[in-house]
Amino acid sequence: MDAGREYWDMEIEPLLNTPEIKDVQWGKLQQLLTRLYDSKPFWRERMDTADARPQDLKSLEDFSRRMPIMDKAQRRQLVLDCDGDVIRAVDQSIAVPVDDVVLMAATSGTTGEPTPYPHTERDNEINAEVFARILWRAGLRRGDRVVHAFGLSMWLAGVPYVQRMQNSGVCMLPVGAEGGSERILRFAKQFQATALFATPSLVEHLIEKAPDLIGMPVSDLGIKTILCAGEPGAGIAEVRNRIESSYGATLYDHGGGYGISCGHAEYQGMHHVADDKMIFELVDPDTREPIPFEHGAKGLAVQTSLEAEGMLWMRETFGDIVQVFTEPCPCGMSGFRFKVVGRADDMLKVKGVMVYPAAIDGVITGFAPQVTGEFRIVLDNPPPRVVPPLVLRVEYDEHVSPEQLPALAGEIESHMRSTLKISPRIEWVAPYSFERTGGKTNFFERRY
Ligand SMILES: [Zn+2]
């Protein structure tokens, strides 16, 4: 095959985000539904209850309207229905018998029980194929050596990602996040890594540590490509610029799923590279009604895997709120694009306007150094609905005098009105009043 070709798969990838690919999806979906209806009681019952049997559905739109959404609450319920037996729950909800699973991974789960990610041989093949597309777009080829620095212990981005990437042709150096900064840097140097795969915060951390730990700046390592995943950051211009200039490398955002950002100078979101293997829909996070998949549309991401066995998602949501872009990217590459804008769990609704703490954070951080960047959103009732005004308690910086505060509050409020379409009320809080948790995880002050 031509090593200079545009895409890994020159047959399918030019068709992404076109009407032709819808036919491919519909054909594969019908086969999948029939197979599940015939062999898996759990899915048969769901289809019967929703009048979404294979013969009931005439189009992808029918499928979206009728097939119920699966979320983490339903996953939890399934385990409870199996008397806490996770293996039995997996057996019920995958497309094959549980004994076909050859590799299990899990998320930590913010609320207790981890979510299983069962992989069969077939899943490994599918993921290797999709990762070949992703890595090709990031310019990685046979002969590249990739330092893998995600947690290896049961994480989805751990051993499963090492396998996917090695099967797509590059050489993996699986140091793992557990190895710590020194091992990551030493092995990158010793084995002449050309690429790094890690969270953006770890990639940034290594910039500071390298001179002490290996006696050279990261720019001397020879790393030309950085793939980030696991947290936002790679899409933020300041983070991206700092990482690219420090390493002398190009940064790609693989925020999850089947997405990879492109080489365009300005971040354009992630191109979705596998419409032939995954149906990607948007629904209203509140009503769960389908939202038209149009340029600029925002909603809760819902995914259906078309070929998977263990990693079977049938209108599954992982809670990400995304914005999609269906018009061609200025970079010229195929695939609709998506940006993760928030988490459904964090969503607030003020007078019908959806707003996410991450977006509020972005505005407030933009007012540094007049503010410390720490703030809390006051909730008098359980979210998402907020009775206006939305109250934000914001720490001013120690260099700001009390007389300046009313005008500063006015500026922040007016900025939020124009960018987020909300009219909050700012309440000032003395510098360093809020507890520092080491990560911006606790945005809420719950008073209910
Ligand atoms: Zn692009």
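The values are calculated or read from the model by the stated rules, or taken from the named source; none is laboratory data. Predicted model, so just to flag it, every value in this text is computed and none were measured. Cβ sites come from the backbone with ideal geometry, for glycine too, and all protein chains shown count toward neighbours. We work out accessible area using only protein heavy atoms, side chains counted, and drop any ligands, DNA or RNA first. Shrake-Rupley method; radii C 1.70, N 1.55, O 1.52, S 1.80 Å.
Any idea which residue in region 328-341 is nearest to Met10 (Cα to Cα), counting only those that are open to solvent by 20 Å² or more (accessible area, probe 1.4 Å) and more than 11 Å from the ligand (Cβ to nearest atom)?
Lys339
Kindly indicate whether any position in region 210-230 is within 16 Å of the ligand (Cβ to nearest atom), open to solvent by 20 Å² or more (accessible area, probe 1.4 Å) and in contact (Cβ under 8 Å) with a residue 40 or more places away in the chain.
no
Within region 176-193, count every residue that is in a loop (DSSP other than H, G, I, E, B) and open to solvent by less than 50 Å² (accessible area, probe 1.4 Å).
Residues meeting the conditions: 2.
When you scan region 65-88, do you find a residue that is touching a strand residue (DSSP E or B) at 6+ places or on another chain (Cβ under 8 Å) and in a helix (DSSP H, G or I), even just one?
yes
Out of the residues in region 414-448 meeting the condition of being more than 23 Å from Arg343 (Cβ to Cβ) and part of a strand (DSSP E or B), tell me which one is most open to solvent (accessible area, probe 1.4 Å).
Here the answer is Arg425.
Open to solvent by less than 40 Å² (accessible area, probe 1.4 Å), within 16 Å of the ligand (Cβ to nearest atom) and in contact with a strand residue (DSSP E or B) (Cβ under 8 Å, 6 or more places away or on another chain): does that describe Leu173?
no
From the list Val302, Val355, which residue is buried (at least 16 other Cβ atoms within 10 Å of the Cβ), touching a strand residue (DSSP E or B) at 6+ places or on another chain (Cβ under 6 Å) and farther than 22 Å from Leu156 by Cβ?
Within the list Val302, Val355, the selection yields Val355.
Is it true that some residue in region 310-325 is open to solvent by 10 Å² or more (accessible area, probe 1.4 Å), over 20 Å from the mean Cα position of the chain (by Cα) and not polar (S, T, N, Q)?
Scanning region 310-325, I find no residue that is open to solvent by 10 Å² or more (accessible area, probe 1.4 Å), over 20 Å from the mean Cα position of the chain (by Cα) and not polar (S, T, N, Q), so the answer is no.
Can you tell me which residue among Gly319, Gly335, Gly310 is of a type in the set (Gly, Ala, Ser) and modelled with pLDDT under 95?
Gly319
Any residue that is open to solvent by 30 Å² or more (accessible area, probe 1.4 Å), under 24 Å from Glu129 (Cα atoms) and in contact (Cβ under 8 Å) with a residue 60 or more places away in the chain - is there at least one of those in region 36-47?
Checking region 36-47: not a single residue is open to solvent by 30 Å² or more (accessible area, probe 1.4 Å), under 24 Å from Glu129 (Cα atoms) and in contact (Cβ under 8 Å) with a residue 60 or more places away in the chain.
Check region 234-244 and report whether any residue there is open to solvent by less than 10 Å² (accessible area, probe 1.4 Å), within 25 Å of Val363 (Cα to Cα), modelled with pLDDT under 95 and not in a helix (DSSP H, G or I).
Within region 234-244 (the criterion being open to solvent by less than 10 Å² (accessible area, probe 1.4 Å), within 25 Å of Val363 (Cα to Cα), modelled with pLDDT under 95 and not in a helix (DSSP H, G or I)), the answer is yes, since at least one residue qualifies.
Conditions first: (1) of a type outside the set (Phe, Trp, Tyr); (2) open to solvent by less than 40 Å² (accessible area, probe 1.4 Å); (3) within 14 Å of the ligand (Cβ to nearest atom). Pro285 passes all but one, so which condition is the exception?
It is condition (3) that Pro285 fails.
How many of the residues making up region 54-92 are out of contact with any Phe, Trp or Tyr (no Cβ under 6 Å at 6 or more places or on another chain) and more than 19 Å from Phe280 (Cα to Cα)?
Of the residues in region 54-92, 21 are out of contact with any Phe, Trp or Tyr (no Cβ under 6 Å at 6 or more places or on another chain) and more than 19 Å from Phe280 (Cα to Cα).
Mind checking which pairs have a first residue in region 164-182 that is farther than 13 Å from Trp136 by Cβ and a second that is aliphatic (A, V, I, L, M) and open to solvent by 20 Å² or more (accessible area, probe 1.4 Å), Cβ under 6 Å, 6 or more apart or different chains?
Here the result reads Gln166/Met172; Gly176/Leu152; Glu182/Leu213, each pair linking region 164-182 to a residue that is aliphatic (A, V, I, L, M) and open to solvent by 20 Å² or more (accessible area, probe 1.4 Å).
Rundown of residues vs (1) open to solvent by less than 40 Å² (accessible area, probe 1.4 Å); (2) in contact (Cβ under 8 Å) with a residue 60 or more places away in the chain; (3) more than 19 Å from Ala358 (Cβ to Cβ), yes/no style:
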position: Gly373; (1), (2), (3): yes, no, no
position: Leu379; (1), (2), (3): yes, yes, no
position: Pro388; (1), (2), (3): no, no, yes
position: Asp397; (1), (2), (3): yes, no, yes
position: Ser401; (1), (2), (3): yes, no, yes
position: Gln404; (1), (2), (3): no, no, yes
position: Ala407; (1), (2), (3): no, no, yes
position: Ile412; (1), (2), (3): yes, no, no
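So which residues in region 251-267 are in a loop (DSSP other than H, G, I, E, B), free of Cβ contacts under 8 Å to residues at least 60 places away in the same chain and either within 23 Å of Asn127 (Cα to Cα) or away from the ligand (no atom under 11 Å from the Cβ) (or both), if there are any at all?
Matches in region 251-267: Gly257 only.
(1) among the hydrophobic types (A, V, I, L, M, F, W, C); (2) at pLDDT below 95; (3) under 30 Å from Gly4 (Cβ atoms): which one isn't true of Ala106, the others all being true?
(3)
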